[in-house]
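See structure below.
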Amino acid sequence: AAIARGAPLYNAGDIPGCVAVYRRAATDGLVVPDLPQAQAARLRAGLDEAHLSEDNPTEAAWALRRMIDDVMALALHTPEIASFRLQILGAIGAGVPLYNSGDIAGCVRTYKECCEQLVGGR
């Protein structure tokens, strides 16, 4: 979801906006219960790398994007997280076309249903 929000900002020239989206995804990821150590370490390293690149937003954006890609790749090696990832990617695949066609409510409904499934129907 962070890439789906951040990449269009980057492509439209709002690189600081992209950095903010990616940075938020990383900080949100660090509070996920039972986050595997390797993923947490990669999130922290990506945030550190982006911090060192604060004077160059383009480099910060790419440091964070590489971090997101790496964390997603690590998720493939954890069955529980891989299952969540597939559910999320399915929701994105269904939600983005709804959003792009102007059906914002349908997109929200799709994402909300996915979230409810991921947290056990809350």
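The values are calculated or read from the model by the stated rules, or taken from the named source; none is laboratory data. For clarity, every value in this text was computed on a predicted model and none was experimentally measured. Positions of Cβ are generated from backbone atoms using ideal geometry, with glycine treated the same way; all protein chains shown enter the neighbour counts. Remember, those area values only see protein heavy atoms, side chains included, never the ligands or the DNA or RNA. Shrake-Rupley method; radii C 1.70, N 1.55, O 1.52, S 1.80 Å.
Kirkwood's formula applied to the C-alpha pairs of the range 1-82 gives a hydrodynamic radius of 12.6 angstrom. Secondary-structure-derived ellipticity at 222 nm for the chain, considering helices only, amounts to -26500 deg cm²/dmol, per-run term -39500 (n - 2.57) for DSSP H runs with n ≥ 4. The Rg/Rh ratio of the range 28-122, with both radii computed over alpha carbons and Rh defined as the Kirkwood radius, is 1.04.
Shown for the chain: the carbon plus sulfur share of the solvent-accessible area, taken with all protein chains present and a 1.4 angstrom probe, equals 61%. GNM remark for the chain: springs join alpha carbons under 10 Å apart, and the peak mean-square fluctuation among D69, D14, D55 falls on D55. Around the Cα centre of the range 1-116, unit charges on the Cβ atoms of Lys, Arg, Asp and Glu (plus for the first two, minus for the last two) sum to a dipole of about 180 debye.
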